[in-house]
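Below is one structure; the comments refer to it alone.
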Amino acid sequence: GATEEVCMTKGLILRNVCILRDGSPLIEVDSTIQPGEVLTVMGPSGVGKSTLLAYITGTLPAVFKGMGEVLLDGIDVTGLPAHKRHIGILFQDDLLFPHMSVGANLAFGMEKGGKKAERLTAIEDALAEVGLGGYSDRDPATLSGGQRARVALVRMLLSNPNALLLDEAFSRLDAELRVQVRELVFGVAKKRGLPVLMVTHDAEDAQAAGGEIIELQSLSKG
């Protein structure tokens, strides 16, 4: 019936996505990522992995041309501005504002409006979810690398994304932390049913993700 069709369109679908630079194809991806699953895109530096993420988030630099459709939960978001796509992204750098408390950093990414008390509760709940309950008044400078990575994750989650992109998100963390933060991110994504697209050149990241792996080769010569 109709409900079946709706279920089928859940997740993130990249339909014949192709990124061109100076008219030659840089990347081609055709893939469906189910809710809670991780698709890993691997490849050497400069192959255009981050360019693919930029196309999906709607921030592709003008020197590139993107083709193909990005569908999220059945909605074609290809033509939508970045802030209307509801796609969260985590980078290598946590990009926390140094002059703001942890809580203020988190509030920054949330949709405006709503009662202040409700927003504060949402922030506290989200911090507790990643083991940082009571951290909202802390200065980011006092946090460890792993804590900063978790705050960055929380900030992204508070924007209520329907999909999650990871751009080498764990590469700055030391081995032990990397495992912890990675498990946390994948666990939260599974719990919330978020499709995840991870760009990495780390084989352990790819293995831990447990999903499909696309190895990108340089399509363009030189």
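The values are calculated or read from the model by the stated rules, or taken from the named source; none is laboratory data. No experiment lies behind these values; they were computed from the predicted model shown. Here the Cβ positions follow ideal geometry from the backbone for every residue, glycine too, while neighbour counts run over all protein chains shown. Only protein heavy atoms, including side chains, enter the accessible area calculation; ligands, DNA and RNA are left aside. Shrake-Rupley method; radii C 1.70, N 1.55, O 1.52, S 1.80 Å.
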- [ ] Could you check how many residues of region 39-57 are part of a strand (DSSP E or B) and open to solvent by 10 Å² or more (accessible area, probe 1.4 Å)?
- [x] 1
Task: Residue ID - surrounded by the fewest Cβ atoms within 10 Å (Cβ to Cβ), chosen from residues in region 185-203 that are charged (D, E, K, R) and over 20 Å from residue 50 (Cβ atoms) - done: 191
TODO: Restrict the check to region 60-71 and report whether at least one residue is open to solvent by 40 Å² or more (accessible area, probe 1.4 Å), under 18 Å from residue 166 (Cβ atoms) and outside any loop (DSSP other than H, G, I, E, B).
DONE: no
Task: Selection count where residues are open to solvent by 50 Å² or more (accessible area, probe 1.4 Å), free of Cβ contacts under 8 Å to residues at least 40 places away in the same chain and touching a strand residue (DSSP E or B) at 6+ places or on another chain (Cβ under 8 Å), scope region 72-90 - done: 1
Open item on the list: Against the definition (within 25 Å of residue 10 (Cβ to Cβ), modelled with pLDDT of 95 or more and not hydrophobic (A, V, I, L, M, F, W, C)), how does residue 142 come out, yes or no?
Closed with: no
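Yes/no matrix, rows are residues, columns are (1) farther than 24 Å from residue 28 by Cβ; (2) at pLDDT below 90; (3) touching a helix residue (DSSP H, G or I) at 6+ places or on another chain (Cβ under 6 Å):
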residue: 133; (1), (2), (3): yes, no, yes
residue: 154; (1), (2), (3): yes, no, yes
residue: 159; (1), (2), (3): yes, yes, yes
residue: 164; (1), (2), (3): no, no, yes
residue: 169; (1), (2), (3): no, no, no
residue: 176; (1), (2), (3): yes, yes, no
residue: 184; (1), (2), (3): yes, no, no
residue: 192; (1), (2), (3): yes, no, no
Open item on the list: Could you check region 71-89 and list, in sequence order, the residues that are of a type in the set (Asp, Glu) and closer than 23 Å to residue 154 by Cα?
Closed with: 73
Open item on the list: Quick test for you: out of 172, 182, pick the one residue that is part of a loop (DSSP other than H, G, I, E, B) and open to solvent by 10 Å² or more (accessible area, probe 1.4 Å).
Closed with: 172
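Taking residue 122, is it surrounded by fewer than 21 Cβ atoms within 10 Å (Cβ to Cβ), aliphatic (A, V, I, L, M) and touching a residue at least 12 places away in the same chain (Cβ under 8 Å)?
Yes, satisfied.
Residues in region 104-118 that are open to solvent by less than 40 Å² (accessible area, probe 1.4 Å) and not in a loop (DSSP other than H, G, I, E, B): how many? If you could, list the steps in order and put the result at the bottom.
Of the residues in region 104-118, the ones open to solvent by less than 40 Å² (accessible area, probe 1.4 Å) are 104-107, 109-110.
Next, only the ones that are not in a loop (DSSP other than H, G, I, E, B) stay: 104-107, 109.
Qualifying residue count for the region: 5.
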- [ ] Could you look through region 91-103, keep only residues that are under 10 Å from residue 155 (Cα atoms) and modelled with pLDDT of 95 or more, and pick out the one that is surrounded by the fewest Cβ atoms within 10 Å (Cβ to Cβ)?
- [x] 103
